[in-house]
Amino acid sequence: MADAPHPVSGPQLRILLMHHHLRAPGLRVELKAFESISNLEQVRRFIRQAEINLVIHGHKHEHAVHFEHFGEEREEDARRVAVLSAGAMDHGRDTDAARILAIEGIPYTPELQSTRFGLARGGLDAPMDVEKPIRLWTTTSLTDGPEIIQGSDFNEVYARASNAARQIVPRGTLVVHLDLPGNSAQLDLPAGYPEANNISENERQEWLREIVDWWQLPQSHRDKNFPYPHGSRLRRYGGVSDQIERLATMLESSRSSPTLSSRALAILVDPIRDFDAGSDREAFPSFTMLQIKKRQRSNNALLDITGFYRAQEFSQWWPVNIAELRAIQVKLCRRVGLEPGRITTITTEARLDERAPGQVHVPIFDRWLDQAPQNLFLLAGILSQQIQEHPNAKDLLGQWRQALRDFLVVAQARSTDGSPISSEGLKALRDYIAALSPADRPRPQFFSSFVSLVEQSEQFERSAKDTSSFEIWARVVKRVVPEILDATTSDGP
């Protein structure tokens, strides 16, 4: 083999012809001497070392095509080899009398084309069947090359994608294909999703719904100091363009098309607004673009959606990204009567950060400011004792204390994708409490500590948001939050 002439370009295609089979090609059982190769492992290692592409054998004469992988136990790049067994014309079988095998696509994409002939009957043409080509080339795995995870079980795909981000391609390219059931419009958090605190299953799902809704808001009070909520980029790009509406219009105008133009995309990065040459404080979304495409399956059409990310954190962020893409996908499908299809995420920098909550965990005070500002006013009235009784008082106080405990969790470690530190919501709550507190009575006992928390959070928002700035914020949080919690017991402020 070493002396065989090599092609001018491309790899050498190597075919091994042998009598015995590597494994039984069918279910028929034979018990006799030399039924199998005694030194089979030696033969298999030769096939691997000799870089064989195709094995053709006889002996059992039962036509079959299968692929086998040859490689050491710890070898990542095992060799994939096609194995073809010869057919027979016995026991009344006359449709596999002969075959013509042709190799096409040499040198770079060799394929085996098999044409099967049966026995000719008097006055009739010989039956012929052209079979599906068999690919003989394999993709070479590059060191630190892209990794692909795919499946239909959300829990399984999440676990495997997280593992890939941690061990297989840390800070590398990761592509994830998720084919969820079409009726799963409202996603749940996958098993194993990290939580800073113990909350019930219903609370987990409610939290996911609220977070997705917030990230898809067309406008937020945090836009000025948190310039990349996804909804404002998708619904008001440049302050004027509703990109989701554009996609819906494209779908409506191409209902008869089995696919959709590659122009069906939306972008979230604005170079004029986001790029600042030479600055280390550039802030723009990790979620950079989405694209939709119709896919025909049997008698119905599905809508696939792909999200592109410059960086993606898989422990906390990826499930929320999937939920966002699903929400957009379902909204478009309902508009034009399609069925939700696959969800794909592509990132060039996959990472896993389980140490602390990231920016996905938008503090509830900021979410209230956008989605339920009345809650901030009611909470301020309860904390200032201007509202003595209210049916939601217990729930609001519970969420107040939970939010404070969340601050303590966030203060334990800085997240690589940005720590969820409240700003506008805290300031609004401070101003409400100050306005509602009577002028002739001292403000609540915790108020000075709460003001320190607000002021330090404001300073952090104006800072470089680096490790040093975070540590200054964290020290204040660890000092004042326990004081605030002690002053706002379960019995009231």
Self-check item: At most 15 other Cβ within 10 Å, DSSP loop - chymotrypsin sites (Phe, Trp or Tyr not before Pro), the range 1-87
Solution: 34
Quiz item: Measuring from label point to label point, each 7 Å out along Cα→Cβ, what is the residue 486 to residue 283 span in nm?
Solution: 3.4 nm
Self-check item: Residues 347, 115 arranged by fewest to most Cβ contacts within 10 Å
Solution: 115, 347
Quiz item: Can you give the helix-only mean residue ellipticity at 222 nm for the chain, where every DSSP H stretch with n ≥ 4 adds -39500 (n - 2.57) and the sum goes over all residues, rounded to the nearest 500 deg cm²/dmol?
Solution: -10500 deg cm²/dmol
Quiz item: Nearest 0.05, what FRET efficiency do residue 142 and residue 354 give at R0 = 30 Å with Cβ-Cβ as r?
Solution: 0.60
Exercise. Calculate, in nm to one decimal, what residue 12 and residue 99 gain on full extension: separation in residues at 0.36 nm each, minus their alpha carbon distance.
Key: 28.9 nm
Self-check item: Projected label distance in nm at residue 298 and residue 472, using a 7 Å step from Cα toward the beta-carbon
Solution: 6.3 nm
Quiz item: What is the diffusion coefficient of the range 389-443 in µm²/s, taking the Kirkwood radius over Cα pairs and the Stokes-Einstein relation at 25 °C with a viscosity of 0.890 mPa s?
Solution: 180 µm²/s
Self-check item: Residue-span extension gain [residue 50 to residue 64] - 0.36 nm each, minus C-alpha spacing
Solution: 2.7 nm
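How much length, in nm to one decimal, is gained on full extension between residue 41 and residue 399, taken as 0.36 nm per residue of separation minus their Cα-Cα distance?
Taking residue 41 through residue 399 to full extension adds about 122.5 nm, to one decimal.
Can you pull out the trypsin sites (Lys or Arg not before Pro) in the range 89-138 whose DSSP state is coil and whose Cβ has at most 12 other Cβ atoms within 10 Å?
121
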Quiz prompt | Student exercise, the range 364-487 dipole from Lys, Arg, Asp, Glu Cβ charges, in Debye to nearest 20 | solution = 240 debye
Practice problem: For residue 132, list the aspartates and glutamates whose Cα falls under 14 Å from its own Cα; do not include residues on the same chain fewer than 8 positions away. | Solution: 104, 111
Quiz item: Which lysines does residue 32 reach when only Cα atoms under 30 Å apart count, and residues fewer than 8 places away in its own chain are ignored?
Solution: 60
Quiz prompt | Distance between the range 249-318 and the range 381-447 - C-alpha centres, whole angstrom | solution = 37 Å
Quiz item: With a sphere of radius 12 Å drawn around the Cβ of residue 269, what net charge do the other residues whose Cβ falls strictly inside it have (Lys, Arg +1; Asp, Glu -1)?
Solution: 0
Practice problem: Beta carbons within 10 angstrom, averaged per residue: use that to sort the peptides 102-108, 54-60, highest first. | Solution: 54-60, 102-108
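Among the DSSP beta bridges whose two residues both lie in the range 15-135, what percent are antiparallel, rounded to the nearest 5?
The antiparallel proportion sits near 70 percent.
Values quoted throughout were computed directly from the atomic coordinates according to the rules given, and no laboratory measurement underlies them. Just so we're clear, the structure is a prediction, and the values are computed from it rather than from any experiment. Every residue, glycine among them, receives a Cβ derived from its backbone with ideal geometry; neighbour counts consider all protein chains shown.
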